[in-house]
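The values are calculated or read from the model by the stated rules, or taken from the named source; none is laboratory data. Not measured: the values here are computed from a predicted model. Methodologically, a virtual Cβ is constructed for each residue, glycine included, from the backbone with ideal geometry; neighbour enumeration extends over all protein chains shown. In case anyone asks, the SASA skips ligands and DNA or RNA and just uses the protein heavy atoms, side chains included. Shrake-Rupley method; radii C 1.70, N 1.55, O 1.52, S 1.80 Å.
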Amino acid sequence: MSSPALVWLRDDLRLDDQPAIAAAADRSALFVYVYDDASPGLRPLGGASRWWLAKSLAALRHEIAARGGRLDILRGPAGELIPELARGAGASHVYWTRRYGAAEIEIDKGVKAALADAGIAAKSFNGQLLREPWEVRTEAGGAFQVFTAFWRRHRALGAYAAPLRAPERLHAARWPSEAPRRVSLEDLALTPLKPDWSGGLAETWRPGEEGARARLDRFVSEALEDYAEARDRPDGRNTSMLSPHLRFGEISPRRVAAAIEAARGDAEGAADKYLAELGWREFSYSLLYDFPDLAKRAWRARFENFAYREDRAGLRAWARGRTGYPLVDAGMRELWATGYMHNRVRMIAASFLIKHLLIDWRRGESWFWDTLCDADPANNAASWQWVAGSGADAAPYFRIFNPVLQGQRFDPEGAYVRRWIPELARLEAAHIHSPWLAPSDALARAGVTIGRTYPEPIVDHAFARRRALEKLAAIKA
Ligand code: FAD
């Protein structure tokens, strides 16, 4: 009997366009996920991501089993478990999809070396990005620091590889007797029990490959055409909501890009705009690859000297959606309830924390890391640094979003605010983004008492703006 292959699954929990699984499709194979809470340097998953992972693994286990394979789970340091399992199984090959964080790359290098010592071939694939970070380089061979130049080069490199089809059959290899101990999904205790806060997540999402595909199909048929104009509006279903599916690799960016290209037709501008958003994801991964401390240190070093304030009450009000600014609060409550927040609202909520409250962007990044289903090592850190002004190609430091004007512009009827802040639901649109300025009869009609049913603004916008500009100007100087 020929030796089996070992497929080590990580952030690539799918069968479609999955080169590591395709490589093992015509032979017997072990399919393994390692829940690694033991290797140094790996960032523990946040609560929402743990919830997602549990559902995603269950979905993948089902799909693999339906094709004749079997997904097993190990817990511990992957750098030891994978070589041990490969040796025990007498595997000839180990396949995996590449990752781009420094700790992950270190682990993979160690596994590769241990496998080589044992005479086992290791082969890694790109399944997470449209192009590898090292493929998109300046003329001088360096990393791009500006998105437009990065993206121009990315596009100029030609068409993306066509996505692979999911294998119809898989062949489960027998679990070897000399092998690390398997655990069950339940052993990992990834889903919250006491209290179980995941109700809103379960109502919003269907983790797994099928859910990802359904989101893509819906987006292409219902929302792509208007994407360029409508994507900034949080009051409708105007974006794809593919981010957590991409984060866990339940759908490949190549599959998404191919579907967008196929639908290009008369949605030319929308298709380009959407692909450029995938481009920001590529750019963020390229930044992470070149600057592994992206979530820990300012990409522009001088921002490390910024004197952020300690403001526990402010941080708590922000996290709970009780700042008194309805658009910020609606976003933070959407996040808490669903594990998601619309992109424009993320920018405004993040800007509020950093610039209105002068709280360190890392505090916000951590909160998002814990609460977002799409919490992503590259996109989250890069986006927070973008808002802080400390990142590559970041928002200019003097851009301080006015949450009232942003609300009036992007949620003009207040539908988004009404949805997430029920205590303001009956307030007229004219006042919904600045309830503290509403005349008392309008407040009375809506049953709103500022300071009692809904908070007063925790900081005055004009004051906060001046304060932030002064502090930020000092850094620039
Ligand atoms: P669409 O508009 O449908 O975009 C399609 C895909 O493009 C997204 O799924 C995502 O993979 C990618 N994308 C879109 N915008 C960006 C962007 N600005 N940067 C990088 N990739 C992008 N995105 C995450 O995936 N994970 C995060 O942890 C994350 N944290 C963020 C934190 C802040 C403070 C901000 C301002 C943005 C953050 N984003 C993050 C980027 C963006 O908000 C989300 O990707 C987007 O809202 C997801 O919704 P969607 O899938 O409907 O997006």
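Whether any residue in segment 259-268 is within 11 Å of the ligand (Cβ to nearest atom), in contact (Cβ under 8 Å) with a residue 40 or more places away in the chain, open to solvent by less than 10 Å² (accessible area, probe 1.4 Å) and in a helix (DSSP H, G or I) is what I want to check. Checking segment 259-268: at least one residue is within 11 Å of the ligand (Cβ to nearest atom), in contact (Cβ under 8 Å) with a residue 40 or more places away in the chain, open to solvent by less than 10 Å² (accessible area, probe 1.4 Å) and in a helix (DSSP H, G or I).
Hey, among Leu242, Leu278, Leu246, Leu315, which residue is open to solvent by less than 20 Å² (accessible area, probe 1.4 Å) and either in contact with a Gly (Cβ under 8 Å, 6 or more places away or on another chain) or free of Cβ contacts under 8 Å to residues at least 60 places away in the same chain (or both)? Spell out the reasoning first.
On the way: Leu278 fails: either in contact with a Gly (Cβ under 8 Å, 6 or more places away or on another chain) or free of Cβ contacts under 8 Å to residues at least 60 places away in the same chain (or both); Leu246 fails: either in contact with a Gly (Cβ under 8 Å, 6 or more places away or on another chain) or free of Cβ contacts under 8 Å to residues at least 60 places away in the same chain (or both); Leu315 fails: open to solvent by less than 20 Å² (accessible area, probe 1.4 Å).
The unique qualifying residue is Leu242.
Of all residues in segment 228-248, those that are within 13 Å of the ligand (Cβ to nearest atom) and either farther than 21 Å from Leu335 by Cα or among the charged types (D, E, K, R) (or both) total 7. Only one entry in Glu225, Glu209, Glu229, Glu203 is in contact with a helix residue (DSSP H, G or I) (Cβ under 7 Å, 6 or more places away or on another chain), open to solvent by 50 Å² or more (accessible area, probe 1.4 Å) and of a type in the set (Asp, Glu), namely Glu225.
Of the set (1) open to solvent by less than 20 Å² (accessible area, probe 1.4 Å); (2) out of contact with any Phe, Trp or Tyr (no Cβ under 7 Å at 6 or more places or on another chain), all apply to Gly46 but (2). Restricting attention to segment 335-349, the residues that are more than 9 Å from the ligand (Cβ to nearest atom) and either part of a loop (DSSP other than H, G, I, E, B) or not β-branched (Val, Ile, Thr) (or both) total 4.
Would you check if Ile64 is in a helix (DSSP H, G or I), in contact with a strand residue (DSSP E or B) (Cβ under 8 Å, 6 or more places away or on another chain) and not assigned by TED's automatic domain parsing to the domain that holds Trp367? It would help to see each step written out before you state the result.
Working: in a helix (DSSP H, G or I): yes; in contact with a strand residue (DSSP E or B) (Cβ under 8 Å, 6 or more places away or on another chain): yes; not assigned by TED's automatic domain parsing to the domain that holds Trp367: yes.
Yes; evaluated as a whole, the condition is true for this residue.
Selection within segment 350-399: residues that are modelled with pLDDT of 95 or more, assigned to a loop (DSSP other than H, G, I, E, B) and within 11 Å of the ligand (Cβ to nearest atom). The member of this set that is most open to solvent (accessible area, probe 1.4 Å) is Pro377.
The residue list Leu315, Leu288, Leu246 contains one member that is in contact with a Phe, Trp or Tyr (Cβ under 6 Å, 6 or more places away or on another chain) and within 21 Å of Ala381 (Cα to Cα), which is Leu288. Every condition in (1) more than 10 Å from the ligand (Cβ to nearest atom); (2) open to solvent by 10 Å² or more (accessible area, probe 1.4 Å); (3) not in a loop (DSSP other than H, G, I, E, B) is met by Arg322 except one, and the failing one is (3).
Has segment 364-381 got at least one residue that is over 17 Å from the mean Cα position of the chain (by Cα) and aliphatic (A, V, I, L, M)? Steps first, please.
In the first step, residues of segment 364-381 are kept if they are over 17 Å from the mean Cα position of the chain (by Cα); the result is none.
No.
Inside segment 290-304, residues that are within 15 Å of Trp384 (Cβ to Cβ), part of a loop (DSSP other than H, G, I, E, B) and either modelled with pLDDT of 95 or more or not charged (D, E, K, R) (or both) make up a count of 8.
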